[in-house]
Amino acid sequence: MKNRVLFIAFYSCVLVLISFKFKTEPTIIEFSVPKKWPNPVYSFKNNPLTEEGFQLGRKLFYDPILSKDSTISCASCHLQYTGFTHVDHTISHGIEGRKGTRNSPVLINLAWNSSFHWDGGVNHLEVQGINPIQHPAEMDEKLENVLKKLNASSVYPALFNKAFGSDKITSSTLMKALTLYTVSLVSADSKYDKMMRKEKGVQFSEQEKNGLKLFREHCAVCHKEPLFTSPTFASNGLKMDSLLKDVGRYGITHNPSDSMLFKIPTLRNSEFTFPYMHDGRFKKLKDVINYYSDGIDPSVSYLSKPLKPFHFSDTEKKDLLSFLLTLTDKAFLYNPRYSYPK
Amino acid sequence: MDKIVYGFVLCFILNTGYGQTTSINFTFQSSISNEYIELNTIYSLSDSSKMEITTCRFYVSNFTFYSNNKLVSEQKGAFLIDLENPESLQLSFPISVVDSVRFNLGIDSSTNVAGILDGDLDPIKGMYWTWNSGYINSKVEGTFTKTNGVKIPFEYHLGGYLPPYPTLQTLTFSCEKSEKIVKLDLSEFISSLEIEKCNNVMIPGPKAAELSNFLATCFKID
């Protein structure tokens, strides 16, 4: 009897050892930081970047299983070809066509963002994903239910096991998987980047050069190179939409000096990220330039320095526009690695 | 084979050794004055107003234990105390008797910015704000019935870690016994609020900071 117990104990040990040996570890991949860029804000320490994790995040991003009526995926509001923003809607539309209150922002170079959402209310990329899932005007689902659906699915438990070493899908592994995908959306291969890297055969036209000069003079304080954003909040003087009544950063901090301030969006790929601003009020890049040129009301109390109506000439407007177009990164917008998983 | 036998013996010795270590045990309760109360039950207060608590949940975290004013043990981690969940009301730490204990009521700021977390800190526990990321340090919900019979439902969700309105509180108690009962006197909390003026707090800000501070003073330890 005693021998038999020992025998069983011994063989269980052997089996455990064997299964350890054959358990495949996920494949670590490197997050490459483009030359001369700052270090990313996102730390991979508690969520190492792996191929399995990235692919799982990608699958989830395109899967409507995350929404209540299984009609909407993250990609419904964040489309790759438009820099991962909504097309054509000023403010985003969720399930049953319910409207949100804000324009969906681009998902570009998120690894360098220190806060998320137009008001910076979300402090970490890993917790951002709970918002769209639970927001009544977006996916309107409870996180618990999503976890139930995923745990009951015939494919996901195995995929989570490959990526995170456990079949059991939790808030933590779900959010980490989504993050591994979104944090990997790096755009650093536009004409502007090639120019800065002094790649052979890449030249700025006179127009683009002049546009860059104007940009550095008037815009780069806020839309700072190379990310074309900065981790603060500002107002470019837009007046409050009377229906949406969005007070921006103030809604988070309740500090009167934050009233009407919004995050400074990146301008990378802005050729395709229309409509523009937190409420999508401008349809064309031209409209934005016209606004900065002649539309700003200098008497707006919350207007951030050094903004004022710049009164660009027609040539200057064209120059500025042609520079902004150099921020288009087709290799990013059409990168097959980011697209709907086949 | 011999090795395995030794292994078993070793395990046995270790196990019994473990059983003998002393521990300090906390039991959390809500009370009216010193009287234990339950959820979803109407209690009369001294002035014949009435109170019913439907939800009472709060985080306690980072327990530190002191002897002769010296730190003897630090137990990192957060625990969600939920009156609805009896299992959550007992905490036990494997240390021997000390002079005093200090712990946080709420979640510290570094944990608030640490991304997605597991266990009691899992956002599905319902103690997390998603649109304004951060933990809800405490939730007290229920109904207050004034002496004239008017009912006032209340919901206090207290949280926020950013200055100038941080809501984290630190509690310090003497702790010479190994069995301690931590009581939250909700009647003291409720009856001192200007409940008619403010029966609902759902966001970080000055009100949340003020009420958190006040809630902390309603804890007593026996």
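The values are calculated or read from the model by the stated rules, or taken from the named source; none is laboratory data. Computed from a predicted model, the values in this text were never measured in an experiment. Neighbour counts are summed over all protein chains in view; Cβ atoms, including those assigned to glycine, are modelled from backbone coordinates with ideal geometry. Note: areas computed on protein heavy atoms with side chains; ligands, DNA, RNA excluded. Shrake-Rupley method; radii C 1.70, N 1.55, O 1.52, S 1.80 Å.
Longest span of chain B, sites excluded, free of trypsin sites (Lys or Arg not before Pro) in DSSP loop with at most 13 other C-beta atoms within 10 Å?
After excluding every exposed loop site, the longest remaining stretch is B:1-176.
If you count, for every residue in A:121-132, the Cβ atoms of partner chains within 10 Å of its Cβ, what is the mean?
Shielding by partners across A:121-132 averages 5.
Taking a probe of 1.4 Å, how large is the accessible area per residue of the range A:191-331, in Å²?
Heavy-atom accessible area per residue stands at 52 Å².
Please work out the C-alpha center-to-center distance from the range A:248-279 to the range B:26-72 and express it in whole Å.
Going from one Cα centre to the other spans 43 Å.
What does the charge count near A:Thr232 come to, summing +1 for each Lys or Arg and -1 for each Asp or Glu among other residues with Cβ under 11 Å from its Cβ?
Taking every Cβ under 11 Å from that of A:Thr232, the sum is +2.
Going down the list B:Lys50/B:Lys180; B:Lys76/B:Lys220; A:Lys176/B:Lys76; A:Lys35/A:Lys224; B:Lys70/B:Lys183, which pairs span over 20 Å between their C-alpha atoms?
Beyond 20 Å: B:Lys50/B:Lys180; B:Lys76/B:Lys220; A:Lys176/B:Lys76; B:Lys70/B:Lys183.
Let me check something: with ligands and nucleic acids excluded, how do A:Ser171, B:Ser96 order by accessible area (1.4 Å probe), largest to smallest?
So, going from the largest accessible area down, we get B:Ser96, A:Ser171.
With r as the distance between the Cβ atoms of A:Ser299 and A:Ser166 and R0 = 60 Å, compute the FRET efficiency 1/(1 + (r/R0)^6) and round to 0.05.
Computed FRET efficiency for A:Ser166 and A:Ser299 comes out at 0.55.
Share of the range A:51-187's accessible area from carbon and sulfur, percent, 1.4 Å?
Carbon and sulfur atoms account for 54 percent of the accessible area of the range A:51-187.
On a straight-distance basis, which aspartates and glutamates could pair with A:Lys284 in a cross-link, Cα separation under 12 angstrom, same-chain partners fewer than 8 positions away excluded?
A:Asp88, A:Glu271
Let me know the shape class of the range A:177-228, please: from the alpha-carbon gyration tensor, a ≥ b ≥ c as square roots of the eigenvalues, rounded when a/c is under 1.5, otherwise prolate if a/b is greater than b/c, or oblate.
Cα axes put the range A:177-228 in the oblate bin.
Just add up the charged neighbours of A:Lys191: K/R +1, D/E -1, any other residue whose Cβ is under 10 Å from the Cβ of A:Lys191.
Local net charge: -3.
Charges at C-beta only: +1 for Lys and Arg, -1 for Asp and Glu. How large is the resulting dipole of chain A about its Cα centre, in Debye rounded to 20?
940
What accessible surface, in Å², does a 1.4 Å probe find on B:Met202, ignoring ligands, DNA and RNA and rounding to the nearest 10?
Its accessible surface works out to 60 Å², give or take rounding.
Helices from chain A with mean Kyte-Doolittle at least 1.0 and a Cα length along the axis of 27 Å or more, per DSSP H: which?
Helices meeting the span and hydropathy rule in chain A are A:2-22.
Just flag the trypsin sites (Lys or Arg not before Pro) in the range A:119-171 sitting in loop per DSSP whose Cβ has no more than 15 other Cβ atoms within 10 Å.
A:Lys142, A:Lys168
Could you work out the local net charge near B:Glu176, counting Lys and Arg as +1, Asp and Glu as -1, over the other residues with Cβ closer than 15 Å to its Cβ?
Combined, the nearby Lys, Arg, Asp and Glu give 0.
Would you mind giving the mean number of other chain beta-carbons within 10 Å of the Cβ of each residue in B:202-215, as a whole number?
Mean shielding by partner chains, rounded to a whole number: 1.
Could you tell me which of rounded, prolate or oblate describes chain B, using a ≥ b ≥ c as the square roots of the eigenvalues of the alpha-carbon gyration tensor, with rounded for a/c under 1.5 and, failing that, prolate when a/b is larger than b/c and oblate otherwise?
prolate
Considering only DSSP beta bridges with both partners in the protein assembly as shown, what is the antiparallel share in %, to the nearest 5?
If I count the DSSP bridges inside the protein assembly as shown, around 85 percent turn out antiparallel.
Mind checking which aspartates and glutamates have their Cα closer than 19 Å to the Cα of A:Lys200? Skip sequence neighbours fewer than 8 apart in that chain.
Within reach: A:Asp189, A:Glu208, A:Asp329.
Name the shape class, rounded, prolate or oblate, that the alpha-carbon gyration tensor gives for the protein assembly as shown, where a ≥ b ≥ c are the square roots of its eigenvalues, rounded holds for a/c under 1.5, and otherwise prolate holds if a/b is larger than b/c and oblate otherwise.
Oblate.
Interface A/B, total buried accessible area with a 1.4 Å probe, nearest 100 Å²?
About 1900 Å² of accessible surface is lost on pairing.
Students often forget the sequence filter, so: which aspartates and glutamates lie under 19 Å Cα-Cα from B:Lys125 once same-chain residues fewer than 8 apart are removed?
Straight-line reach from B:Lys125, under 19 Å: A:Glu126, A:Asp140, A:Glu141, A:Glu144, B:Asp82, B:Glu84, B:Glu87, B:Asp108, B:Glu141, B:Glu155.
Helix B:2-20 against the longest principal axis of chain B: what's the angle in degrees, Cα atoms only, rounded to the nearest 10?
For B:2-20 against chain B, the angle is about 40 degrees.
Non-local amide H neighbours of A:Lys224 (under 5 Å, H modeled in plane, Pro and chain starts lacking H): which ones?
A:Thr229, A:Ser230
Please give the average number of partner chain Cβ atoms lying within 10 Å of the Cβ of each residue in B:123-130, rounded to a whole number.
Averaged over the peptide's residues, the number is 5.
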